[in-house]
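Here is the structure we will look at.
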Amino acid sequence: MRIVLLGAPGSGKGTQTDAIIARYGVTTVATGDLLRAEVAAGTELGLRAKPHMDAGNLVPFDIVLGMIEHGLQTLAKTNPKGFMMDGFPRDLAQAEALDEILDRISQPLDLVLFFEVDYEEIVKRLLGRGRADDNEATIRNRLRVFEEKTAPLIEYYTRKGLLRNIKGTGTVEEIGQRVQAVLDEIA
Ligand code: ADP
């Protein structure tokens with residue numbers, strides 16, 4: 001199973017990943033987590049990424065791409081059950097790069113889950129979460145970046161016939177059941 005989780009910051013993708021991993025045995029690739037690990041370790045990559053993350057902007061393409069490309073190639077060899085991407089791709093250039101990488105290793109995506117949640121709910125959730133980049137100004141900017149750069153991917157994946165909508169409101173269990181109903185079809 002090779003899937004992408006798509007949705008605004010705070011739409012609940014990350015919350016569902018543990019259940020998806022447990023049920024389907026996929027490995028997750030979460031660019032936000034990878035980047036935060038680089039920042040925490042004080043690597044050069046982390047130092048370059050941090051100001052962008054603090055401002056709620058996308059980290060430059062070359063940084064993220066190197067990280068992803070290496071991870072995916074290793075993964076494709078090590079976990080036959082597949083992978084789930086969370087936080088990547090985040091714009092059209094990243095989506096095209098991902099297609100190219102996956103083409104090269106003959107492992108195309110099966111589907112893209114789009115978590116639909118309205119913005120008021122999202123701001124409420126993120127303010128409650130309290131991560132370093134969860135202050136109101138940064139949240140507002142991340143939502144703007146989502147709207148501008150990431151939302152066009154909904155259309156991109158719809159055109160490829162890969163997009164599946166998940167209503168992202170309700171309890172974590174309810175949302176998990178919706179996710180499972182879709183993923184069981186391809187498992
Ligand atoms: P969120 O919960 O807001 O979706 P993430 O953990 O996915 O947060 O990402 C946090 C930050 O990391 C983003 O605001 C961005 O600065 C950076 N980031 C994560 N993924 C990417 C990516 N694919 N491309 C560029 N920047 C990214």
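The values are calculated or read from the model by the stated rules, or taken from the named source; none is laboratory data. Predicted model, so just to flag it, every value in this text is computed and none were measured. All Cβ positions, glycine included, derive from the backbone under ideal geometry; neighbour counts span all protein chains shown.
If you scan segment 130-147, which residues turn out to be over 15 Å from residue 32 (Cα atoms) and among the basic types (Lys, Arg)?
140, 144
Under 7 Å between Cβ atoms, which residue pairs at least 6 apart in sequence (or on different chains) link something in segment 86-111 that is basic (Lys, Arg) with a partner that is within 15 Å of the ligand (Cβ to nearest atom)?
90/58; 90/149; 90/150
Read through the list (1) surrounded by fewer than 12 Cβ atoms within 10 Å (Cβ to Cβ); (2) among the basic types (Lys, Arg); (3) in contact with a Gly (Cβ under 6 Å, 6 or more places away or on another chain), then give the number of the only condition that residue 124 fails.
Tallying (1) surrounded by fewer than 12 Cβ atoms within 10 Å (Cβ to Cβ); (2) among the basic types (Lys, Arg); (3) in contact with a Gly (Cβ under 6 Å, 6 or more places away or on another chain), residue 124 fails exactly one: (3).
From the set of residues in segment 115-133 that are near the ligand (Cβ under 9 Å from one of its atoms) and at pLDDT below 90, which is farthest from residue 94 (Cα to Cα)?
Selected residue: 129.
Might you check whether a residue that is within 9 Å of the ligand (Cβ to nearest atom), polar (S, T, N, Q), surrounded by fewer than 19 Cβ atoms within 10 Å (Cβ to Cβ) and closer than 25 Å to residue 140 by Cβ occurs anywhere in segment 14-26?
No.
Please state which one of 137, 37 is part of a helix (DSSP H, G or I) and within 12 Å of the ligand (Cβ to nearest atom).
That would be 37, the only listed residue that is part of a helix (DSSP H, G or I) and within 12 Å of the ligand (Cβ to nearest atom).
Give me a count of the residues in segment 9-33 that are in a loop (DSSP other than H, G, I, E, B) and under 23 Å from residue 126 (Cβ atoms).
Matching residues across segment 9-33 total 4.
Among (1) over 26 Å from residue 26 (Cα atoms); (2) in contact with a Gly (Cβ under 8 Å, 6 or more places away or on another chain), where does residue 148 come up short?
With respect to (1) over 26 Å from residue 26 (Cα atoms); (2) in contact with a Gly (Cβ under 8 Å, 6 or more places away or on another chain), residue 148 is out only on (2).
Test each condition in (1) within 8 Å of the ligand (Cβ to nearest atom); (2) of a type in the set (S, T, N, Q); (3) over 27 Å from residue 134 (Cβ atoms) for residue 79 and report the one that comes out false.
(1)
I need the full set of residues from segment 162-187 which are small (Gly, Ala, Ser), farther than 15 Å from residue 4 by Cα and in a loop (DSSP other than H, G, I, E, B), in order please.
168, 170
Tell me yes or no: at least one residue of segment 98-108 is modelled with pLDDT of 95 or more, within 13 Å of the ligand (Cβ to nearest atom), closer than 20 Å to residue 80 by Cβ and not hydroxyl-bearing (Ser, Thr, Tyr).
Yes.
Looking at (1) hydrophobic (A, V, I, L, M, F, W, C); (2) modelled with pLDDT of 95 or more; (3) part of a helix (DSSP H, G or I); (4) under 18 Å from the mean Cα position of the chain (by Cα), which is the one condition that is false for residue 112?
With (1) hydrophobic (A, V, I, L, M, F, W, C); (2) modelled with pLDDT of 95 or more; (3) part of a helix (DSSP H, G or I); (4) under 18 Å from the mean Cα position of the chain (by Cα) applied to residue 112, the lone miss is (3).
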